[in-house]
Amino acid sequence: MIGGWLTAPMRQPERRGPDLRHRYTVADTDVLSEEEVRRFIGEGSADPQINVPLAWELLYRREPELYDRLAQAERLHPGVIDWLPTGVDTIVEVGAGTGRLTLELVGRARSVVAIEPVAPFREILDRKLSDAEHGCPVRVVDGYFDDLPVTDDWADVVVVCSAFTSAPGHGGDVGLAEMERICRPGGYVVIIWPLDADWLAARGYQHVTFPGEMFLEFSTAEEAAELTEIFYPQAAPEVRRNRWTRVPFRALGHEPPRDLAYKVMAATHQPG
């Protein structure tokens, strides 16, 4: 393990609480590669109970199926899907995760490349694609925001859903420049469910939002209670009390996935 941040022998992973912030301990970080340690810990805290973004990275690698259950409940606004360009040659999705958006893209292009750095997510996505009937080839490949394995000016649409932020470890200016690099002139770079709309606006992105109340859609009240306890613990008592299977985003204190930011690439990319 690089960096010298852990000197004690590695303990077996423990679970010390029901919510994500207390779900993992330092021992769980043994699932990370040296490259992932550099990216997600670096000089910061190796304790996921302090470093919440690290807790999410551990979730992705230790319990990918649990994350997939959440992603399936957090359905995108249909207006977002309908807005995306269709009938194009190539779409590149960055941070594809377990395929919440990917399966919606396959009918909109002649080929799709889904880039995802988390190996367990790639396995889940490959499985979903093999089980689904789709009309275009989809390649699932490894890659990070700051080093996309795609040549310049290649894609008609470059899209990311929820994974991109202004933080360097999850995109930032370098990641945005990479997505713009691989998008051909006249093509679209699209960030769905953006967390940093003002930051993107300052970089030339336009914002689109779609109206209407949105819900997390669970199969049972028990599943709704279980997953809100983990991911939205402040809302869990209300969810349990009402035995909701459709949990309104307004009860979570979180913006729903009903907006996007986009930029049409100019004829010539600007340096940097």
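Sort through Arg241, Arg203, Arg250 and tell me the only one that's out of contact with any Cys (no Cβ under 6 Å at 6 or more places or on another chain), among the basic types (Lys, Arg), assigned to a loop (DSSP other than H, G, I, E, B) and open to solvent by 10 Å² or more (accessible area, probe 1.4 Å).
From the options Arg241, Arg203, Arg250, the qualifying one is Arg203.
Output the residues belonging to region 17-35 that are open to solvent by 20 Å² or more (accessible area, probe 1.4 Å), among the charged types (D, E, K, R) and touching an Asp or Glu at 6+ places or on another chain (Cβ under 9 Å).
Correct list: Asp19, Arg23.
Which one of Arg258, Arg246, Arg240, Arg250 is of a type in the set (Lys, Arg) and within 30 Å of Glu178 (Cα to Cα)?
Arg258
Filter region 180-200 down to residues that are closer than 19 Å to Leu76 by Cβ and part of a helix (DSSP H, G or I) and give me whichever is least open to solvent (accessible area, probe 1.4 Å).
Here the answer is Leu200.
Does region 143-165 contain any residue that is on the phi > 0 side of the Ramachandran plot, surrounded by fewer than 14 Cβ atoms within 10 Å (Cβ to Cβ), touching a residue at least 12 places away in the same chain (Cβ under 8 Å) and assigned to a strand (DSSP E or B)?
Within region 143-165 (the criterion being on the phi > 0 side of the Ramachandran plot, surrounded by fewer than 14 Cβ atoms within 10 Å (Cβ to Cβ), touching a residue at least 12 places away in the same chain (Cβ under 8 Å) and assigned to a strand (DSSP E or B)), the answer is no, since none of the residues qualifies.
Pick from Asp82, Asp47: which is at pLDDT 95 or above, assigned to a loop (DSSP other than H, G, I, E, B) and among the charged types (D, E, K, R)?
Asp47
Which of the residues belonging to region 229-238 are surrounded by 14 or more Cβ atoms within 10 Å (Cβ to Cβ) and assigned to a helix (DSSP H, G or I)?
Selection gives Glu229, Ile230, Phe231, Pro233, Ala235, Ala236, Glu238.
Go through (1) over 24 Å from Leu70 (Cβ atoms); (2) not in a loop (DSSP other than H, G, I, E, B) and name the single condition Glu226 misses.
(1)
Within region 96-128, how many residues turn out to be assigned to a strand (DSSP E or B) and open to solvent by less than 10 Å² (accessible area, probe 1.4 Å)?
Total satisfying the criteria: 4.
Any idea which residue in region 76-86 is surrounded by the fewest Cβ atoms within 10 Å (Cβ to Cβ), counting only those that are within 17 Å of Ala163 (Cα to Cα) and over 13 Å from the mean Cα position of the chain (by Cα)?
Our first condition is that a residue be within 17 Å of Ala163 (Cα to Cα); within region 76-86, this holds for 76-77, 80-81.
Subsequent filtering for residues that are over 13 Å from the mean Cα position of the chain (by Cα) retains 77, 80-81.
On the way: His77: 20, Val80: 21, Ile81: 15.
Filtering region 76-86 for residues that are within 17 Å of Ala163 (Cα to Cα) and over 13 Å from the mean Cα position of the chain (by Cα), the one surrounded by the fewest Cβ atoms within 10 Å (Cβ to Cβ) comes out as Ile81.
Restricting attention to region 49-68, does a residue exist that is small (Gly, Ala, Ser) and buried (at least 17 other Cβ atoms within 10 Å of the Cβ)?
Of region 49-68, the ones small (Gly, Ala, Ser) are 55.
Pick out the ones that are also buried (at least 17 other Cβ atoms within 10 Å of the Cβ) and you get 55.
Yes - at least one qualifying residue is present in region 49-68.
Quick one: Asp142 ticks every box in (1) closer than 25 Å to Ala197 by Cα; (2) at pLDDT 95 or above except a single one, so which number is it?
Every listed condition holds for Asp142 apart from (1).
Applying the selection to region 168-177, what residues are closer than 14 Å to Arg203 by Cα and either open to solvent by 10 Å² or more (accessible area, probe 1.4 Å) or part of a strand (DSSP E or B) (or both)?
Gly171, Asp173, Val174, Ala177
Might you check whether a residue that is over 21 Å from Gly171 (Cβ atoms) and outside any helix (DSSP H, G or I) occurs anywhere in region 26-39?
The answer is no; no qualifying residue exists.
Just checking, which of Leu70, Leu103 is hydrophobic (A, V, I, L, M, F, W, C), touching a His at 6+ places or on another chain (Cβ under 9 Å) and closer than 28 Å to Thr228 by Cβ? Spell out the reasoning first.
Details: Leu70 fails: touching a His at 6+ places or on another chain (Cβ under 9 Å).
Every option except Leu103 fails the conditions.
Answer yes or no as to whether Glu213 is open to solvent by 40 Å² or more (accessible area, probe 1.4 Å), touching a residue at least 60 places away in the same chain (Cβ under 8 Å) and under 30 Å from Asp19 (Cβ atoms).
Spelling it out, it is not the case that Glu213 is open to solvent by 40 Å² or more (accessible area, probe 1.4 Å), touching a residue at least 60 places away in the same chain (Cβ under 8 Å) and under 30 Å from Asp19 (Cβ atoms).
The values are calculated or read from the model by the stated rules, or taken from the named source; none is laboratory data. Note that the structure is a prediction, hence the values are computed from the model and not measured. Heads up, the Cβs are rebuilt from the backbone with ideal geometry, glycines too, and the neighbour counts pull from every protein chain shown. These accessible areas exclude ligands, DNA and RNA; they are computed on the full protein's heavy atoms, side chains included. Shrake-Rupley method; radii C 1.70, N 1.55, O 1.52, S 1.80 Å.
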